[in-house]
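Encoded as structure tokens, the structure appears first; notes follow it.
The values are calculated or read from the model by the stated rules, or taken from the named source; none is laboratory data. Predicted model only: the values in this text are computed from it and were never measured. So basically every Cβ, Gly included, is an ideal-geometry build from the backbone, and we count neighbours across all protein chains shown. Accessible surface is based on the protein model in full, side chains and every heavy atom, while ligands, DNA and RNA are left aside. Shrake-Rupley method; radii C 1.70, N 1.55, O 1.52, S 1.80 Å.
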Amino acid sequence: MNARPAAAALGAGITAFLIVAVAVIELLPVEFSALVGLPVGLLAGGAIFAVVASRYGALTTKSRYAVDAAAAFGLAVAVTLAVSYVNLAGLRSDLSVEVTVVVGVLAAILSVLVNWRT
């Protein structure tokens with residue numbers, strides 16, 4: 001596996017993990033919903049990682065654009081959260097959840113534009 005399918009699989013898995021974990025945590029009416037949401041998100045992220053890693057070469061062009069955009073979102077969110085955690089250049093207070101999501105969406109849009117141009 002070369003770098004592009006591996007990065008796409010990792011990013012799509014991260015995106016699936018984030019979406020499923022947040023959805024389950026928000027939808028469950030119990031106090032400790034993260035105890036259910038995080039493992040379910042990990043299972044979903046792992047499944048998406050496996051599917052994308054094994055089937056990336058068989059995707060159509062438009063499907064590949066969508067997978068790459070989802071992967072870019074997940075990787076951008078992971079990098080932004082890592083920068084916030086390390087407090088690189090004192091950015092922790094500036095990197096709210098809204099800013100993190102906007103950075104992810106911008107990365108996804110940039111990914112589609114770069115794929116479309118090449």
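Name the residue, out of Val67, Val52, that is β-branched (Val, Ile, Thr), under 16 Å from the mean Cα position of the chain (by Cα), under 16 Å from Ala107 (Cα atoms) and open to solvent by less than 40 Å² (accessible area, probe 1.4 Å).
After ruling out the rest, the residue left standing is Val67.
Checking Gly90 against (1) modelled with pLDDT under 95; (2) on the phi < 0 side of the Ramachandran plot, which single condition isn't satisfied?
(2)
Name the residues in segment 26-52 that are in a loop (DSSP other than H, G, I, E, B) and either in contact (Cβ under 8 Å) with a residue 24 or more places away in the chain or β-branched (Val, Ile, Thr) (or both), would you?
If the condition is that a residue be in a loop (DSSP other than H, G, I, E, B) and either in contact (Cβ under 8 Å) with a residue 24 or more places away in the chain or β-branched (Val, Ile, Thr) (or both), then Val30 is the only one that fits.
Pull out all pairs, ordered by first then second residue, where Cβ-Cβ is under 7 Å, the residues are six or more apart or on different chains, the first lies in segment 53-79 and is free of Cβ contacts under 8 Å to residues at least 12 places away in the same chain, and the second is of a type in the set (A, V, I, L, M, F, W, C) and buried (at least 16 other Cβ atoms within 10 Å of the Cβ).
Leu59/Val67
Working carefully through the options Thr80, Thr61, find the one that is among the hydroxyl-bearing types (Ser, Thr, Tyr) and surrounded by fewer than 19 Cβ atoms within 10 Å (Cβ to Cβ).
Just a single option satisfies the conditions, and that option is Thr61.
Among the residues of segment 80-97, is there at least one that is in contact with a Phe, Trp or Tyr (Cβ under 9 Å, 6 or more places away or on another chain) and among the charged types (D, E, K, R)?
Scanning segment 80-97 turns up at least one residue that is in contact with a Phe, Trp or Tyr (Cβ under 9 Å, 6 or more places away or on another chain) and among the charged types (D, E, K, R).
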